[in-house]
Amino acid sequence: MRGFEGVMAGSLHALVGLVVHVTIALVAFGVGMTAASELANVLRLRRGLVVRSLLGVLVTVPLAAVLLVKAIDLPRAVTVGVLVSAIAIGPVAALSKSAKEQAGVAFALALDLLLLVLSLAFVPMAVWAIGAAFQRELHLGVGVVARVILPLQLLPLLAGLAVGRFAPGFTKAIARPLALGTNLMLGAIVVLVLVLAFKPMLGIGARGFLVLAVLSGLALTLAHLLGGPTATDRRVLAAFMTLRFPALALALARLTSAPRTVVPTVVAYIVLSALAYALYTALAGRLGRGASGLGKGADHPTESRPHPAHG
């Protein structure tokens, strides 16, 4: 009986994994279709903004994670989960959010493509560097990263860009139904993951949650500083620096010596970073509307208007 239950549990796990992979690939494809119209604007981006963004995603967030776990004593599984989350770059969710807002799509598209390509070399190098920082010999092959990045993100995104560029009519017809379907599937996946991981997440402890919250806050703060004067650019960079790439993080977590204890930390970071980013965008939007309102009010008294002549 236990053997049968084990087989059923394994089959359910495999089915959920397949649904997750297909859904993530469809999200990347759909986002690529809607972002295709911005391809011409990618090459017009300011180099300084792109360089600062890459520095923020590839250097500052992983470095902040290393410093945090060195400064605060955590269980080994929590430490590994924090570091794994920090190096999982290139989330299509960041590009998806920009496409929905119809703002900063060219910047988000360029950053996503760059990060997905760079991740093939960056993630193995980051694993080696983290091992050196903790005096451990760690190695990760490029092929392991490629098996996640290529089928789930890069290839579907490129396919979506091609379809959006050369078949705009088809894109217009299926973009909304595809987005609705993938959003429903993602919502169901999130609920399922939270239900399954809720109790294990409680085992992270107060210090673990504190480190994850501080890391999210630092990522948002650094993105706000590195994003420049434009609010849209800051929001795009905040998404890439904070949200990271859950599928890659979970795949890396499964390669560790104790995946069942590492995965809850990764899931907890996904949840906390999403909440932190939502709070940041809401606060930034409110402050932006307030500043816009003040600006409009200040403009009215100085507007150039014809005045009737007196006397």
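The values are calculated or read from the model by the stated rules, or taken from the named source; none is laboratory data. Every value quoted in this text rests on a predicted model; they were computed, and no experiment measured them. Quick reminder, even Gly has a Cβ in these numbers, built from the backbone with ideal geometry, and neighbours come from all protein chains shown.
At least 1 residues that are at pLDDT below 80 and hydroxyl-bearing (Ser, Thr, Tyr) in each: list the helices (runs of 4 or more DSSP H) lying fully within segment 199-311 that qualify.
Working: elements: 206-226, 231-243, 246-254, 259-299.
Per the criteria, 259-299.
Check segment 127-149 and report whether any residue there is surrounded by fewer than 22 Cβ atoms within 10 Å (Cβ to Cβ), among the hydrophobic types (A, V, I, L, M, F, W, C), part of a helix (DSSP H, G or I) and touching an Asp or Glu at 6+ places or on another chain (Cβ under 6 Å).
no
Look through Val163, Val123 and report the one residue that is crowded, with 20+ Cβ neighbours inside 10 Å and of a type in the set (Val, Ile, Thr).
Val123
So which pairs qualify, if the first residue must be in segment 157-177 and farther than 19 Å from Leu95 by Cβ, the second must be loosely packed, with under 14 Cβ neighbours inside 10 Å and of a type outside the set (D, E, K, R), the Cβ gap must be under 7 Å, and the two must be at least 6 apart or on different chains?
none
Could you tell me which numbered condition Leu154 fails, if it satisfies all but one of (1) farther than 29 Å from Leu49 by Cβ; (2) surrounded by 16 or more Cβ atoms within 10 Å (Cβ to Cβ); (3) modelled with pLDDT of 90 or more; (4) not acidic (Asp, Glu)?
Here Leu154 clears every test but (1).
Would you say Leu202 is closer than 28 Å to Val69 by Cβ, touching a residue at least 40 places away in the same chain (Cβ under 8 Å) and either out of contact with any Leu (no Cβ under 8 Å at 6 or more places or on another chain) or surrounded by 14 or more Cβ atoms within 10 Å (Cβ to Cβ) (or both)?
Answer is no for this residue.
Being among the β-branched types (Val, Ile, Thr), more than 20 Å from Arg260 (Cα to Cα) and either assigned to a helix (DSSP H, G or I) or under 15 Å from the mean Cα position of the chain (by Cα) (or both) is the filter here, so list the residues in segment 61-90 that pass it.
Of everything in segment 61-90, those that are among the β-branched types (Val, Ile, Thr), more than 20 Å from Arg260 (Cα to Cα) and either assigned to a helix (DSSP H, G or I) or under 15 Å from the mean Cα position of the chain (by Cα) (or both) turn out to be Val61, Val66, Ile89.
Could you count how many residues in segment 173-232 are among the polar types (S, T, N, Q) and closer than 21 Å to Ala268 by Cα? Write out each step before concluding.
To start, the set of residues in segment 173-232 that are among the polar types (S, T, N, Q) comprises 182-183, 216, 221, 230, 232.
With the extra rule that they be closer than 21 Å to Ala268 by Cα, the set shrinks to 183, 216, 221.
The qualifying residues number 3.
From the list Gly227, Gly208, exactly one residue is among the small types (Gly, Ala, Ser) and under 19 Å from Gly90 (Cα atoms). Which is it?
Just a single option satisfies the conditions, and that option is Gly227.
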